[in-house]
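We did not get these values from a lab; they are worked out from the coordinates using the rules stated. For clarity, every value in this text was computed on a predicted model and none was experimentally measured. Using ideal geometry, Cβ is built from the backbone for each residue, glycine included, and neighbour counts are taken over all protein chains shown.
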Amino acid sequence: MAKGEKREGDLAKLIFSWSLEDVFNQDLFKDEVVKIPSTFTSLKNYLSSYTFPLIEEIRADMYSSLEALSQVPSVKILSLDSTKRHKQCTYQIIVGDAPANVPSPGVNRNYIPNKGDIFVLSDRRPVHVSDLTGNGKSYRIALIIRGGKYDDLPPNTFVIRASSSIEVSEYRKQNEKRSPFCAVYLLNITTYRHIWKALDFKLSVL
């Protein structure tokens, strides 16, 4: 991440760039997260001192959710289509009810998606992080960029940006053969994005 290149959209790109090994690496930002000084040489120095602590907090939140995959909420994806604007890795989804085949039914796992949610998009409902990569299984990380009660999309309809492209025709073929894909909630980055934007030096000096 080059200095001065930090924009709001880059936060999602940064999250998408992490592998599972990165998220589970407690020392990923060990050298970057340092004690924040009591005085600063400039506004830019002040803002930059909070950047990596914020990134580390996001990584830690993702780690906590992935570590407890069997306990986090999820929802079936009933349909997935490319958006009319054909932006790269952007899709429209329609969600249904939470999967019934989730262990420990005593825990409430109904997932109502919201704008700003980061979730795992998987061809099966994972209960452990190893379920995401074992036996040829595929997954992606995705961000909800439109949808919810404050948007103008139909109920249960959302626009997402995925960490990598999805072949819609292959998705449909797979859905015909077995149970639908599912979205497994990890965290909401709306507040993080506001802070990220506030830490942008270029915007702060306007």
Exercise. Between Ser79 and residues 5 or more places away or on another chain, which pairs have amide H atoms under 5 Å apart, with H built 1.01 Å from N, and which residues are they?
Worked result: Ile94
Seminar exercise, completed: For Leu187, the residues 5 or more places away or on another chain with a placed amide H closer than 5 Å to its own amide H are Ile118
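Tell me which chymotrypsin sites (Phe, Trp or Tyr not before Pro) from the stretch 135-172 have a DSSP coil assignment and no more than 11 other beta carbons within 10 Å of their own. Can you show the working numbers first?
Details: sites: Tyr139, Tyr150, Phe158, Tyr171; in loops: Tyr150.
Of the chymotrypsin sites (Phe, Trp or Tyr not before Pro), the ones in loops of the stretch 135-172 whose Cβ has at most 11 other Cβ atoms within 10 Å are Tyr150.
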Exercise. Karplus couplings for the stretch 62-74 from phi (6.51 cos²θ - 1.76 cosθ + 1.60, θ = phi - 60°), rounded to Hz, Gly and Pro as x?
Worked result: 5, 4, 4, 5, 5, 5, 10, 4, 5, 9, 7, x, 8
Seminar exercise, completed: Violations at 21 Å Cα threshold for listed pairs Lys84/Lys115; Lys87/Lys115; Lys44/Lys115; Lys35/Lys115; Lys13/Lys149 -> Lys44/Lys115; Lys35/Lys115; Lys13/Lys149
